[in-house]
Every structure is written in C-alpha cells, then in structure tokens.
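What follows draws every value from the coordinates through simple rules; no lab data is involved. Remember, predicted model here, so these are calculated numbers, not experimental data. Cβ atoms come from the backbone with ideal geometry, glycine included; neighbour counts cover every protein chain shown.
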Amino acid sequence: MKITLKKGIDWIGKIDWEIRRFHGHEYTANRGTSYNSYLVRDEKNVLIDTVAAPFSLEFVKNLAEEIALDKIDYVVINHAEPDHSGALKELMRHIPQTTIVCTKNCVDSLRGHYHEDWNFQIVKTGDRLSVGKKDLIFIEAPMIHWPDTMFTYLTVDNVLFSNDAFGQHYASEFMTNDQVSQNDLFAEAMKYYANIVNKFSPIVLRKINEIKNLNLPISMICPSHGIIWKKKCEQIIDKYLEWASDYQENQVTIIYDTMWTATRQMAEWIAKGIHQEDSTINIKLFKVSNSDKNDIITEIFKSKAVLFGSPTLNNGLMSEVAGILEEVQGMAFKKKSAAAFGSYGWSGESVVKLTNSLQGMGFKIINQGLKIQWQPDTKAIKDCIEYGKEVARNI
Ligand code: FEO
C-alpha cells in the first residue's frame with residue numbers, strides 16, 4: 001500500500017489493525033496503529049523510518065515494488081525504537097552499504113538493538129542534506145520521547161517528519177486528518193500525549209519554539225504513528241502548546257478499587273459532595289481493576305484534582321491501586337491536587353500510604369485523607385460528602 005502525500009513524497013508504511021497492546025502491555029491501542037515510513041524522491045531518494053519487525057518482509061517487498069532498493073541513497077532513522085527501526089535489519093541485508101542518517105544516540109541504540117556496524121552518518125540540529133532541489137534539515141528532539149529522537153524537515157514542500165511527536169495509535173484506511181473523525185483523532189492524539197509525551201512537556205514547549213525560531217514554515221506534519229496532519233497542521237501544534245502548558249479542565253477524577261463495596265460507596269458519596277459544592281465540576285469515577293489504565297492516565301491529565309481510594313489489604317494497598325500509582329509516578333504530573341480515601345476493617349494503613357505516595361509524586365495534598373471502618377454508616381456518609389465539598393473548594 002502506498003499513499004502519495006505530495007509529488008515525490010509517499011507514505012509506504014504498515015497499518016496494524018490487530019494490535020491492542022503496545023509497548024508490551026503498557027499502552028492500549030484500542031483502534032490499532034500504523035507504522036509510518038515515508039519515501040522522498042528527488043535527485044536522491046530517501047527512506048524516512050521503517051516499520052515494526054513483524055512486518056519486515058512485507059515492508060521490504062512493497063518498497064522494492066516501489067523503488068529498486070539500490071536506488072535508495074539514504075535511510076533516515078528519526079528514532080531507534082523497534083516499532084520504527086524494526087525492518088532495518090531486513091532492509092540493510094539488501095543494501096548494506098547505504099548510509100543511515102541519524103543522531104549519535106540513535107547510532108548507539110541501533111548498534112545495541114541490531115549488533116550491526118552499518119554506514120552511519122551522524123547529524124545534529126541544523127545540519128542539511130541536499131537531496132536535489134530540496135534539502136533535508138535535521139532537528140534533534142531528545143526526550144520527545146527518547147534521547148535519540150530527531151525530527152526531519154523537508155524544504156520546498158515544508159514537511160515535518162516528526163516521528164512519535166504529533167502521532168496517535170489510530171489505524172484508519174484514511175491516513176490523513178481531513179478524512180477521519182475529528183473527535184476520534186483528537187481523542188487519540190490526547191491519549192497519546194497524556195501517556196507518552198506529557199512527562200516531557202517543558203521540552204515540547206522549547207522544541208516548538210525552537211522550530212518557530214528556525215523560520216521553517218510547516219505545511220504538513222508526518223508522524224510515525226497514525227494519521228498524517230495534511231491539512232491545517234497548525235491545529236495539532238496549537239494543541240501541543242496547550243497540552244504542554246499545565247493543561248487542565250474543570251475536572252476531578254476519582255480512582256479506586258474495592259473489596260466489599262465500602263470504598264466504592266465512599267467514592268460515590270465523595271462525588272456527591274463535590275457536585276453539591278460545585279455542580280460545574282466534571283467528575284469521573286474509575287474502578288481501577290476494570291478500567292483501561294491509559295484512559296485513567298488521560299483523565300488524570302485533564303484533571304485539576306485526583307482522588308485515590310483503596311481499602312486496606314495486608315496492611316497496604318490493593319494491588320491494582322499500587323499499580324496505577326506506579327504509572328502515575330512515571331508521568332510526573334505537575335500542578336495537580338490530590339487526596340486519599342479508603343475503608344478498612346482492622347488496621348487501616350491504606351490512606352496514609354496513599355497520601356504519602358501522592359505527596360512524594362509532587363501532588364498538592366488537599367487534606368490528610370479519609371478512612372472509615374467497615375461499611376459506611378450515616379456519620380461516615382456525611383464525612384464523605386464533607387470531604388467531597390472540601391475537595392471542590394480546594395481546586
Ligand atoms: Fe513509536 Fe518511540 O516509538
């Protein structure tokens with residue numbers, strides 16, 4: 001499959017309709033994904049990124065039908081993670097002398113992954129490579145989202161090949177943003193940002209400003225996953241600027257697990273208290289053990305405050321609550337408030353443990369938490385409602 005994006009620029013990647021778990025099991029790709037590879041043809045021919053290893057043979061076969069492999073002058077690898085470099089080994093088997101253009105960190109990573117000493121050409125920000133009437137300009141983008149990442153910009157056509165940035169895990173037979181549901185597209189783009197990019201938001205802001213200062217007009221953004229921003233690509237740049245600037249909606253997210261419903265009842269009474277105090281606040285509840293963890297992270301990303309609830313189990317937390325805390329810690333959320341709650345029967349350590357964890361992650365702690373013993377009685381319900389009102393007043 002090939003899609004011509006502009007004269008001399010073809011998408012030649014792979015749509016993966018089957019995948020549902022990405023990065024091991026860390027990311028739920030509920031709409032599938034794509035591995036976007038691009039073929040740029042001028043006086044020189046350049047392949048930008050490849051596809052994941054399981055599709056190597058199919059990819060190289062399709063590529064060879066499009067262009068004689070020995071006519072490829074350069075392979076640009078914007079990022080060495082195997083979803084993009086996975087077909088490199090098969091490709092380079094056919095053209096072992098072809099130059100691979102990438103960052104120094106990318107060379108280290110590719111050598112580490114494939115144990116091959118290919119013909120690398122290391123580039124850094126501002127370096128140009130003439131491909132005929134057009135130039136490629138390279139822009140290092142470390143930590144968006146790996147230390148090896150770079151963007152590649154094509155002059156004349158003004159196309160930014162942004163690798164993971166601006167991408168989404170979204171498979172569609174329509175590969176461009178003017179042909180797909182805008183709600184689905186931006187929902188997937190936000191989920192991707194919240195779960196993969198958000199941790200590096202300060203770098204995102206600096207990088208977008210750096211590109212603006214380079215005076216490189218951008219007419220199209222070609223990410224390495226999902227839909228290509230072919231029309232009005234400034235929309236996703238503006239979204240990234242908004243999302244990278246401590247993005248918040250008027251929302252509180254309540255995340256809990258429960259054994260015999262007491263902590264679930266607490267969550268619901270707390271939600272009622274929040275609503276009674278401020279009915280404009282959007283409240284979302286998730287039982288962590290039966291919810292999509294990436295959706296939870298996305299909702300936390302959107303929230304002003306997050307409440308975590310767990311009953312006490314073996315003097316600690318229920319395991320799924322502990323698991324989501326580990327993910328939340330990795331996200332390094334900023335400028336959000338949090339508090340804990342939970343039921344207990346005998347010892348009741350969960351609320352203190354949760355509060356200490358949240359404090360350690362940099363959340364502003366709203367209060368010292370609320371724990372109740374056994375099932376909520378009339379007083380406990382009143383305490384939950386008051387707790388919810390306090391949360392609403394403090395965000
Ligand atoms: Fe899509 Fe960081 O690989």
Using +1 at the C-beta of Lys and Arg and -1 at the C-beta of Asp and Glu, which of Ile72, Ile381, Met143 has the Cα lying farthest in the positive direction of the dipole of the chain? Ile381
Of the chymotrypsin sites (Phe, Trp or Tyr not before Pro) in region 45-139, which ones lie in a loop per DSSP and count no more than 13 other C-beta atoms within 10 Å? none
For Glu349, other-chain or 5+-apart residues with amide H closer than 5 Å (H placed, Pro excluded) are none
Relative to the present Cα-Cα distance, how much length would full extension add between Glu18 and Ser130 at 0.36 nm per residue of separation? 36.5 nm
Pull out the extension gain between Asn215 and Asp377, defined as 0.36 nm times the separation in residues minus the alpha carbon to alpha carbon distance; nm, one decimal. 51.9 nm
How would you rank Tyr192, Tyr387, going from fewest to most other Cβ atoms within 10 Å of each one's own Cβ? Tyr387, Tyr192
Under-5 Å amide H pairs with Asp135, H placed in peptide plane, nonlocal only: Thr155
Surpassing 32 Å at the alpha-carbon level, of the pairs Lys232/Lys272; Lys89/Lys239; Lys134/Lys335; Lys14/Lys199; Lys212/Lys287; Lys232/Lys334, are Lys232/Lys272; Lys89/Lys239; Lys134/Lys335; Lys212/Lys287
Counting only backbone N atoms under 17 Å from a point 7 Å out along Cα-to-Cβ of Lys284, the residues of region 155-176 in range are 169
If each part is reduced to its alpha-carbon centroid, region 131-161 and region 329-395 end up apart, in Å, by 46 Å
Could you tell me the calculated FRET efficiency between Gln359 and Trp260, based on Cβ-Cβ distance and R0 = 30 angstrom, to the nearest 0.05? 0.60
Using each residue's phi in region 276-284, evaluate 6.51 cos²θ - 1.76 cosθ + 1.60 at θ = phi - 60° and report the 3J(HN,Hα) Karplus result to the nearest Hz, with x for Gly and Pro. 5, 6, 8, 6, 7, 6, 7, 10, 10
How large is the direction-averaged shadow of the alpha-carbon convex hull of region 188-263, in nm²? 7.4 nm²
If the chain between Leu241 and Leu205 were fully stretched, how many nm would it gain, using 0.36 nm times the residue separation less the Cα-Cα distance? 12.3 nm
Whole-Å distance, taken between Cα centres, linking region 245-296 and region 40-107: 46 Å
Using Cβ counts within 10 Å as a stand-in for footprinting exposure, how do Tyr256, Tyr344 rank, fewest first? Tyr344, Tyr256
For region 253-394, what number results from the quotient of the Cα radius of gyration and 2.2 N^0.38 Å? 0.93
So what are the ³J(HN,Hα) numbers for region 212-226, from phi and the Karplus equation (6.51, -1.76, 1.60; θ = phi - 60°), rounded to whole Hz, Gly and Pro as x? 4, 5, 7, 6, 9, x, 10, 9, 7, 10, 10, x, 8, 9, x
Rg/Rh for the chain: what does it come to with C-alpha atoms and Rh from Kirkwood? 1.06
Expected vector for region 228-243, Karplus 3J(HN,Hα) from phi with 6.51, -1.76, 1.60 and θ = phi - 60°, integer Hz, x for Gly and Pro, equals 8, 8, 7, 10, 6, 5, 5, 4, 7, 5, 4, 4, 4, 5, 5, 5
Would you mind calculating the relative contact order of region 192-248 from Cα pairs under 8 angstrom and at least 6 residues apart, reporting the percent as a whole number? 41 percent
So, relative contact order of region 3-243 in percent, Cα under 8 Å, 6 or more apart, is 17 percent
